[in-house]
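Data block below; observations after.
No lab work stands behind these numbers, since they all come straight from the coordinates. All figures in this text were calculated on a predicted structure; none of them were measured in a lab. For neighbour counting, all protein chains shown are included, and Cβ atoms are generated from backbone atoms with ideal geometry for every residue, glycine included.
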Amino acid sequence: MGSLRMLVLIMWLPLLAGCQGFPMLSDGSADWAIESVTLIEGEGEVRRDHRVVVKGDRIVWVGPMSAGGPRAAETIDGRNQFLIPGLWDAHVHYLYDEELTEAMPDLFLDHGITSVRDTGGDLDRLVALRSGWTTAGRAMPRFYFSGPLLDGRLVVYDGKTAAQPALGSSIPDIVAAKMAVAHLKNRGADFIKIYELVSPEVFEALVEAARAEGMPIASHVPLSLPADIAGPQVDSMEHLRNIDLACARNWRAMLEARRVRLTDFDGLRGYPLRRELHEAQRYQSIADYDPARCADVLGTLGETMQVPTLRLNAFYHSRPFEDEAFEHALLGLPESVRVRWRYDVEELREPGREWDLRFANWSLGLVGDMHAVDIPIAAGTDTPIRLAIPGESLHRELELLVESGLSPQDAIFAATVAPARFFGLDGQMGRIRDGQRADLVLLRANPLEAIRNTREIQGVVAAGEWVRREAP
Ligand SMILES: [Zn+2]
């Protein structure tokens, strides 16, 4: 248990003793209601002076205070507070750092993240993790996973070094693609994740198999395909990866060079091969950016959710380690992880260091352009990769989305309705409405005035339970 969570529980103890949990009453009234609160969703009007009634894990009634509504066993005063739907982190890796795995659910909940999309890890271990935590009755965010990164003949995350844990799986041909998707479906994976070294034929086979199984598809743009060919075939794209190439004036020649290299890699491993291609072409692509070509590319992506992970792409711009909130959240990490991360932070803080902002600026600009043409955007962080503190980093992502051109309300949409929609769940979660799942975050400051106010957390409700609640 992290010290942050411990602190929260201590603050909550007197409240717990007073109310003895939230009993279901035999007369059919609800468990609890929050009153006189301001409701803010990812779209639509702000509703002031409202009452939200919860029974079990559902919202059962929402209306203005004047309308009354059903009785509840417990009443919570929501005056001067703001209720938003529980947040998603749409891009996490529970298995990236084993010393952090067990701490992650509590860190997410403490920061108001009530659903996560795990975008790559060993299938057996993810299945065991989810069922183990569920069986233990552990409070955790709703947990959706893809299983391994479906990669090519070579695998980027092949487990050969600590920096490249075994998150990937080799899919050398079409037969393997079909078998992999059937196996994932069978084991309870919620979607598939296609990675960068797949061939165009394998990409196509994976898409076809996932469609046949009714599984949503998340993907990096493979190195062998342009974004305007791969993107429209999938449901989400991660990190804006390889869109840089598609938006360059000479994209055809660069793609051709890439394809040649991808068939001639004897003796190389997946990770260095990918790095070599990115290093050879990323900055060249950005320098050769063609707005007209890019507008055409974006024109193909109107139905494809983008998870830009600006937190990662714009790391040198945002420099989280210079922020007090980062320092504070660091205290919530297990000690062994904190020690390692502090070492990394000290290196980054070396005086006189120069920051190469080309990729950060390109990423922020592209997200603004995407948002301007209504390409759906979702908030994800890639935590815990590159000093992304589980939970805290999602709030940083929201801030960067706003910096790139989304309104604060659009950013809330990106962390609520958008990821729910990826799974076809937006009728059930992501809003504060009758019948929706009771995943909620209570804030003591208005996030529409400053998105940073999503950090001002008074309480968190996951599946109807107060998993964090601070004394007023
Ligand atoms: Zn990732």
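Taking all Cα pairs closer than 8 Å and separated by 6 or more residues, the relative contact order of the chain comes to 21 percent.
Remark: the residue 178-residue 353 segment gains 58.2 nm on full extension, using 0.36 nm per residue and subtracting the alpha carbon distance.
The distance from the alpha carbon centre of segment 78-113 to that of segment 194-273 is 30 Å, rounded to a whole number. Each label was represented as a point 7 Å from its Cα along the Cα-to-Cβ direction; for residue 290 and residue 57 these points are 5.0 nm apart.
Amide H contacts of residue 445 (H built 1.01 Å from N, in plane; Pro and chain starts excluded): 82 sit under 5 Å, all sequence-distant by 5 or more or on other chains.
Between the residues 159, 336, 299, the greatest Cα displacement towards the positive end of the dipole of segment 87-422, with unit charges on the Cβ of Lys, Arg, Asp and Glu, is found for 159.
Along its three principal directions, the equivalent ellipsoid of segment 278-435 from the Cα gyration tensor extends over semi-axes of 28, 24, 12 Å, largest first. Of 52, 172, 326, whose Cα points farthest to the positive end of the dipole of the chain (charges on the beta-carbon: +1 Lys, Arg; -1 Asp, Glu; origin at the Cα centre)? Farthest towards the positive pole: 52.
Distance between the modelled labels on residue 342 and residue 250, one decimal in nanometres: 4.9 nm (7 Å Cα→Cβ projection). Mean residue ellipticity at 222 nm, helices only, the chain: -11500 deg cm²/dmol; runs of at least 4 DSSP H residues each add -39,500 (n - 2.57), and the sum is divided by the number of residues. Axis angle, to the nearest 10 degrees, between helix 123-135 and the longest C-alpha principal axis of the chain: 0 degrees. Remark: 247, 294 ranked as 294, 247, counting other beta-carbon atoms within 10 Å and listing the fewest first. As a proxy for reagent exposure, ranking 362, 88, 341 by other Cβ atoms within 10 Å from fewest up yields 341, 362, 88. As a proxy for reagent exposure, ranking 160, 193, 55 by other Cβ atoms within 10 Å from fewest up yields 160, 55, 193.
Note on the chain: Rg/Rh from Cα positions, Kirkwood definition for Rh, rounded to two decimals, is 0.98.
The amide H of residue 143, built 1.01 Å from its N in the peptide plane, has 116 as neighbours under 5 Å, considering only residues 5 or more places off or on other chains. Under a model in which nothing but the beta-carbon of Lys, Arg (+1) and Asp, Glu (-1) is charged, the chain shows a dipole of about 540 debye around its Cα centre. The string of couplings for segment 98-112 from the Karplus curve (6.51, -1.76, 1.60, θ = phi - 60°) is 4, 6, 10, 3, 5, 7, 5, x, 5, 4, 4, 4, 4, 9, x Hz, one whole number per residue in order, with x for Gly and Pro. Helix 358-372 axis versus longest C-alpha principal axis of the chain: approximately 60°, rounded to the nearest ten.
Rounded to the nearest 10 degrees, the angle from helix 251-262 to the longest Cα principal axis of the chain is 80 degrees. Computed from backbone phi, the HN-Hα couplings of segment 39-45 come to 9, 10, 10, x, 7, x, 6 Hz, rounded to whole numbers (Karplus: 6.51 cos²θ - 1.76 cosθ + 1.60, θ = phi - 60°; Gly and Pro given as x).
Taking a point 7 Å from the Cα of residue 283 along the Cα-to-Cβ direction, the residues of segment 362-404 with backbone N closer than 18 Å to it are 362-364. Length available on full extension from residue 71 to residue 327: 0.36 nm per residue minus the Cα-Cα distance, which gives 87.9 nm. Here the relative contact order of segment 135-238, from alpha carbon pairs under 8 Å that lie six or more residues apart, stands at 24 percent.
In this rough spin-label picture, where each label sits 7 Å from Cα along the Cβ direction, the residue 187-residue 136 distance is 2.1 nm. Taking amide H as placed 1.01 Å from N in the peptide plane, the amide H of residue 467 sits under 5 Å from that of 460, 461, 462, each at least 5 places away or on another chain.
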